[in-house]
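What follows is calculated from the coordinates using simple rules that are stated; it is not laboratory data. Note that this is a predicted model, so its numbers are computed, not measured. Every residue, glycine as well, gets a Cβ built from its backbone with ideal geometry; the counts of neighbours run over all protein chains shown.
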């Protein structure tokens, strides 16, 4: 053990004899390791932000998009396949759909909201209180629209943060004020906490109102909803919930699940798809980084070959006074391993530091596996890249090595 | 003073005694041939050299360059294997030994002193002396103690932590002698030990060799200088790969004592 320790000291001293060269060699490994860590962090950060965007759509939700008319495209005699209040109450029945938490009918329209001279174009969602829960909206001030509001067709609204800042001056309180949506006046009863911008859509440019009021004032009376937002009990049972919902709708419309003219967007499968594509992306970045690590490894090997050549005479002396092949081999292997491992440690530090900054619009998220992975690779780089030079050193004949000038 | 007190007479000096019968020889070379292929032509570096060296001898191997003395030294030092012939070192037959076994033989039986000192840079005198013992597996504490003893013996007790580039040529050569004797080898093999030293350092070094000889060490020294060979108890001369002279002689007394070696360490003005 003490021999190992003195070997290590020897190696560090050998490395120290040519600091600049050693540092440059380390730099190769450093950059390789740092880029592995940073690029994996960017990959992870990207997939995390995609997941967040999808999460912003709601938690464990299914969205059923109505066809808005008949299922003529299937060629069968299906008339009037709508998403209506009957669909909502059928799905709400826990006996029919045990894995469904809530069903919210959704009517979407786009209006220009006016407050005095300020106008703001926003989407209006007519729904029920469960919509806010299912789509992860929280009320930061005031109250949510209520079931009573829905029943009484009350013209009350919760507004998103962008709508509030678009219509009201900074510092004023929009709560209790009235604004015009199109030509109808609605009273603001709640402010929604910001969800942030998720990709292309601004989740804060939204007004949520009771669907009854929206039908009364904006879209006109209709039997059908544009979509249903269904919240499942858990992510794991979301597929079960989906098949329950599809069976109910098929039964309601006297058709089969396959022939249903509705599109169902399953958030869980959306996440799965997005995750798998972002995993591919991350793996691609990882490979790019691995190439730079490979270049670093070649650098280590190159410098070790130079070192062995430079120290041929020393090797000759050592062998002449009794160093066995394995001793010389170990000595040079330790040297190359120390170089690349030090490079790896510095690279890990650099990678962690760089990952703290936002790069190309992505907030990198350090992948927990990337640091041990990069260090492990750096260590094996030292051993693999050092092996051939060390073997060459160990195989030198002392008589030739001693004569070497 | 030690040397003038009849020191030379203590050295076994009897050309007539059949030394090889008294004790098993340290070196027994018989009919050693070494040939190289050079540009497709076979060149004989040594042709049938036989030589026996017994314990306690101080042999100078002489010869001009190309005489085969370096080849002989490589073979004696187990750095090279003869093409044919028989060589046993301290009772061990050197033929048919692999790289590993040769390393062990060199490590335990031979102490090398090279012309170019061949200390390892970036290591202190002490570490250099410890190195062969480290390869032999001597425990750190013990090898440190033994290295200190060896360095004191060659008069470098106050230079333990100096690096080789901080030492003069004479001092470096004394470190390499300390390294050579630290493993207590059967044979000290010196290849032109004074080749890179000025005459004063050379004399001091030869005083040291004389001292080692008097303490019963077996020394084989390759040299081409007559006045250096005079310190030996036996001179073997090679020409064209063959022994042309082998005679015992009364060793020359050093002009300086080994006490001087110990005390003159700071005044050593040799340059390399």
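A few comments on the model shown:
- Of all DSSP-defined beta bridges confined to the protein assembly as shown, some 70% are antiparallel rather than parallel.
- Three-way shape label, the stretch A:256-381, alpha-carbon gyration tensor, a/c 1.5: prolate
- Angle between chain A longest axis and helix A:238-252 axis [Cα atoms, degrees, rounded to 10]: 30 degrees
- With q set to 0.12, 0.16 Å⁻¹, the log10 of I(q)/I(0) for the stretch A:113-232, from the Debye formula over equal scatterers at the Cα positions, is -0.39, -0.72.
- Sorting B:236-248, B:197-209 by average packing, meaning the other beta carbons within 10 Å per residue, from highest down gives B:197-209, B:236-248.
- Percentage relative contact order, the stretch A:104-228, counting C-alpha pairs under 8 Å, at least six apart: 36 percent
- Neighbouring Cβ atoms from other chains, within 10 Å of the Cβ of residues in A:397-404, number 4 on average.
- Applying 0.36 nm per residue to the separation of residue A:148 and residue A:18 and subtracting their alpha-carbon distance, the gain on full extension is 38.7 nm.
- Helical content of chain A, expressed as a calculated mean residue ellipticity at 222 nm, amounts to -17500 deg cm²/dmol (DSSP H runs of 4 or more residues, -39,500 (n - 2.57) each, divided by residue number, nearest 500).
- Protection proxy ranking of A:120-131, A:262-273 - average other beta-carbon atoms within 10 Å, highest first: A:120-131, A:262-273
- Test item: B:176-187 mean partner chain Cβ contacts at 10 Å: 1
- Label separation (residue B:163 vs residue A:275): 5.7 nm, computed from points 7 Å beyond Cα along the C-beta direction.
- Principal-axis tilt of helix A:370-395 within chain A, Cα atoms, nearest 10 degrees: 20 degrees
- For the stretch A:104-228, share of DSSP beta bridges that run antiparallel, in % to the nearest 5: 75 percent
- If the chain linking residue A:362 and residue A:388 were pulled fully straight, counting 0.36 nm for each residue of separation and taking away their Cα-Cα distance, it would gain 5.3 nm.
- For residue A:93 and residue A:240, a Förster radius of 22 Å and the Cβ-Cβ distance give a FRET efficiency of 0.90, rounded to the nearest 0.05.
- Chain B - percent relative contact order, Cα under 8 Å, separation 6 or more: 26 percent
- Averaging 1/r over each pair of different alpha-carbon atoms in the protein assembly as shown and inverting the result gives 32.9 Å, the Kirkwood hydrodynamic radius.
- Antiparallel %, DSSP beta bridges [both residues in chain B], to 5: 60 percent
- Between the helical axis of B:140-153 and the longest alpha-carbon principal axis of chain B there is an angle of about 90 degrees.
- Peptide A:321-333, shielding by other chains (average Cβ, 10 Å cutoff): 5
- Over chain A, the hull volume per residue, using the convex hull of the C-alpha atoms, is 210 Å³.
- Put simply, when B:121-129, A:224-232 are sorted by average Cβ atoms within 10 angstrom per residue, most first, you get A:224-232, B:121-129.
- Euclidean distance between Cα centres, the stretch A:145-160 to the stretch A:176-248, Å: 11 Å
- Reported value for chain B: 135 Å³ per residue, from the convex hull of its C-alpha atoms.
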